Every structure is written in structure tokens, then in C-alpha cells.
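Participant: My questions all concern the structure below.
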Amino acid sequence: MSISPNVPSPQESYHYDHPGTPRWIAVLFVVLFAGLAVLAYVGHSQQSRLEQDLARQQDQNKVMSAQLEQANSRLADLKGHVEVSEERLHLTQSELAQARSRSESIRKDQVAADQKLTAQLTQVKQESEEKIGAVATDVTGAKKDIESTKSDLEATKGKLDRATGDMGVMSGLIAHNRDDLEELKRRGDRNYYEFTVPKAKTPQRVGPVQMTLNKADQKKAKYTMTVFADDRSIEKKDKTAGEPVQFYMKGASRMAPYEIVVFDVGKNQITGYLSTPKDAGGAPPAATPASAPTKP
């Protein structure tokens, strides 16, 4: 029996199969390699995604960091505002406390001032009542004084009298002493010039005229004098104390002559007063004329 040259012998077949790697192992290696490749691809893909996610996360972190920094800045500003507000609040509370203290002090001062004013008003009221009482007493006393003065005036009126002057004109009321003269001055009906004229060569000015005493008789209460008025001299001879000695000046009314009344004749002087009308001018007396005196 012949054997085909292409068909191996059983020895050769056995020798071929046994020394080689089993097929399933090759398949297994292929599967493992494919699985590893898949795993590598999947891992690479996941790594890529993770890297992308990480990059995105980093970008987000940067954004969040910027936002956080901005938030921190805002928080710092807010904290500063809060601190300033707290300081202002403390300051306001301090000012409020001061205002309350000042208000309380003002209230106390006002109460004290009111009490002081009340005390002063009470004192003023008491003093006013006392003064009113005193015034009432004074008024009562004044009424009595007025009544007494009226009585004195009535008595004085009895002492003051009228007389016809040396020129035949009825005089006003005549004063016989200084007290009577003061009463005439209070009445104010005429102008009164009191005088004491000594015996001398030089005239003495009395009101608007000048006078000289030529002679005085104390025992008889008589005197002689010269009056210088309106550039003329007027001699009044042998006149008696208490007698109205009259003369006229320019512009004087014929019913209101100037009057001299002597109520005391001394040894070498006379004392009395000159009476002039209210509307009489106060012209200065004329100089003593050189010519002889003229009689009235």
C-alpha cells in the first residue's frame, strides 16, 4: 500500500501538534490584547474627559476665585462701612447722651430760675405792698400837710396886702419880710429881685436897673435912693419902709409899673426887693448919668 506524499504520517502529525501553542491561548491573548486596547482607549478617553473637566473646573475655580476676591473686597468695604457706622452710632449715642445731659441741666437751671423769679416776684410784691402802704401813709400825711399849707396860705394872704404906690398906682401884693417875699415868688405873678444896697457912691445892679443909697434914717425907717434906668436917673426921696416905690421903663404898661419895696432900713443900708412885670424885658441897666438926678 502506497502512501501519498502530501499526507503526513501519524508520527509527523503528532510531532506537529504537540510542540506548538494551543490556539485558544492565542485567541485568549488576542482577546486580552483587544480588551487592553479597549481599556486603554476607554482610559484615554476618560483621561481626556477628566483633563477637560479638570480644565473646566480650573476655569470655574478661577472665575470663582475672582468672584471670591470681589466678594472679599465687597465684604471688606461692607466691613469698613459697618465699622464707620458703628463709630458714627457710638458717636451719635455719645452726642445723644450729651444732649440729654445738657437738656437735664437746662431743665434744672430753668427750675432754679423759675424758683428764683418766683421768690423775687414775691419779694417785689411784698415790697410793693409795703411801699403802697407807705405811700398811702405819705398821702395821708401829704393831705394833712396840704391842709396845713392851705391854712398857712390863708394866713399869709392875711399878711400880704396891697397899697397905692408913690405914683398913685395900686400895687400888687406887698411883702413885708423875706418869708412874704418867698410866698410872692411861689405865686410867680411877677419877677422879684431881692437886694441889700449899702450906702456907696457906686451904683449896685439889681435886675434890669442900678441903685444907689443916698441916705438912710434907721429910727424913722426912711431912706433916699437913686434908680438908674433907661439912660436916666430917678431919685426917690424920703421913702418909708413898706411903701411901694414905683417907676416906669420904656415899653412898660402904665398899669404895671416897676416897684421897689424896702422892708428893712439899716444904719447904712437898705434891704428889700425889686418887682417887675412878667413881660418886661431883661435889658441891662444904663450907665450912671453925669447929670443931676431927676425927681419922679
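The values are calculated or read from the model by the stated rules, or taken from the named source; none is laboratory data. Keep in mind it's a predicted model, so treat the numbers as computed, not measured. FYI the Cβ positions are ideal-geometry reconstructions off the backbone, even for glycines, and counts take in every protein chain you see. Surface accessibility is based on the protein's heavy atoms, side chains included, excluding ligands, DNA and RNA. Shrake-Rupley method; radii C 1.70, N 1.55, O 1.52, S 1.80 Å.
Participant: Note down the accessible area of Thr137, probe 1.4 Å, to the nearest 10 Å².
Facilitator: For Thr137, the solvent-accessible surface is approximately 90 Å².
Participant: Using a Cα-Cα cut-off of under 17 Å, which lysines could be cross-linked to Lys215, ignoring same-chain neighbours fewer than 8 residues away?
Facilitator: Lys199, Lys201, Lys236, Lys237, Lys239, Lys267, Lys295
Participant: Another question, then. Let me check I've understood the local charge: for Ser85, count other residues with C-beta under 14 angstrom from its C-beta, Lys and Arg +1, Asp and Glu -1. What total comes out? Please list the in-between numbers first.
Facilitator: Working: positive: Lys79, Arg88; negative: Asp77, Glu83, Glu86, Glu87.
Here the count lands on -2.
Participant: Sticking with this structure for a sec: Using a cut-off of 19 Å between alpha-carbon atoms, which aspartates and glutamates can reach Lys79, once sequence neighbours fewer than 8 places away in the same chain are excluded?
Facilitator: Glu69, Glu87
Participant: Per-residue accessible area for His90 at 1.4 Å probe radius, Å² rounded to 10?
Facilitator: Result for His90: roughly 110 Å² accessible.
Participant: Mind jotting down the distance between the C-alpha centroids of region 47-98 and region 225-260, whole Å?
Facilitator: Each part reduced to its Cα centre gives a spacing of 123 Å.
Participant: Taking the Cα centre of region 47-113 as origin, sum charge times position over the Cβ atoms of Lys and Arg (+1) and Asp and Glu (-1), and report the length of that vector in debye to the nearest 20.
Facilitator: On the way: 10 positive and 11 negative charges, 54 e Å.
Computed about the Cα centre, the dipole is about 260 debye.
Participant: Compute the accessible area per residue over region 73-115, keeping the other protein chains in place, probe 1.4 Å, unit Å². Show your work: numbers first, answer last.
Facilitator: On the way: 3910 Å² over 43 residues.
Heavy-atom SASA per residue in region 73-115 reads 91 Å².
Participant: While we're looking at this one, here's another question. Quick one: how many Å² of Arg162 are accessible to a 1.4 Å probe, rounded to 10?
Facilitator: Accessible area of Arg162: about 150 Å².
Participant: Take Gln98 and Gln47, extend 7 Å from each Cα along the Cα→Cβ direction, and tell me the distance between the two endpoints in nm.
Facilitator: Spacing of the two 7 Å Cα→Cβ label points: 7.5 nm.
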